[in-house]
1. Could you run through segment 14-45 and say how many residues are farther than 17 Å from ALA70 by Cα, part of a helix (DSSP H, G or I) and hydrophobic (A, V, I, L, M, F, W, C)?
2. Would segment 8-15 turn up any residue that is over 18 Å from the mean Cα position of the chain (by Cα), at pLDDT 85 or above and charged (D, E, K, R)?
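The values are calculated or read from the model by the stated rules, or taken from the named source; none is laboratory data. Owing to the predicted nature of the structure, the values given are computational and were not obtained by experimental measurement. Virtual Cβ from ideal backbone geometry, glycine too; neighbours counted across all protein chains shown.
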Amino acid sequence: MNDRRLESIIGQLLRTGVLLAAGTVLAGGVLYLVRHHADPARFHTFVAGGSNISSLSGIVQAVAHGDSVAIMQIGLLLLVLTPITRVAFALVGFFLERDRLYTAVSLIVLVILLFSLIHAG
């Protein structure tokens with residue numbers, strides 16, 4: 001695999017990830033508006049459709065039940081995972097090219113990203 005091929009694949013990965021995330025958030029937003037268009041507006045407190053989902057398994061279960069807020073959360077999760085996937089793919093690409101320096105840098109960046117994602121909140 002050469003540098004141009006790696007750049008092309010990573011570019012396509014980023015475009016696909018962002019479009020998939022945007023489409024998922026848009027679908028959840030449209031579904032939310034269809035279901036809650038007549039709800040009264042509350043400008044003093046923020047209430048996100050009554051969903052209080054705090055774990056990945058809870059989000060997946062809520063998506064299976066058609067919860068629009070959970071669908072938007074999956075879209076946002078896809079958006080966060082897109083650059084992480086990009087770094088992981090670059091790590092593999094640099095490893096296959098036997099570029100030790102960029103492999104090490106990519107590994108360090110990936111570890112930092114995963115650590116911050118796991119320990120967020």
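1. The total comes to 3.
2. No, segment 8-15 contains no residue that is over 18 Å from the mean Cα position of the chain (by Cα), at pLDDT 85 or above and charged (D, E, K, R).
Listed here are the residues, each with its yes/no results for (1) touching a Lys or Arg at 6+ places or on another chain (Cβ under 8 Å); (2) farther than 19 Å from ILE10 by Cα; (3) modelled with pLDDT under 95.
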position	(1), (2), (3)
ILE84	no, no, yes
LEU96	no, no, yes
LEU110	no, no, no
HIS119	no, yes, yes
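Here is a yes/no grid of residues against (1) surrounded by 13 or more Cβ atoms within 10 Å (Cβ to Cβ); (2) charged (D, E, K, R):
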site: VAL18; (1), (2): yes, no
site: GLY23; (1), (2): no, no
site: PRO40; (1), (2): no, no
site: PHE43; (1), (2): no, no
site: GLY58; (1), (2): yes, no
site: MET72; (1), (2): yes, no
site: LEU81; (1), (2): yes, no
site: ARG86; (1), (2): yes, yes
site: LEU96; (1), (2): no, no
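Residues are listed down the side, and each one gets a yes or a no for (1) in contact (Cβ under 8 Å) with a residue 40 or more places away in the chain; (2) closer than 30 Å to ASP3 by Cβ:
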| site | (1), (2) |
| --- | --- |
| GLY29 | yes, no |
| TYR32 | yes, no |
| LEU56 | no, no |
| ALA70 | yes, no |
| GLY75 | yes, no |
| ARG86 | yes, yes |
| PHE89 | yes, yes |
| GLU97 | yes, yes |
| ALA104 | no, yes |
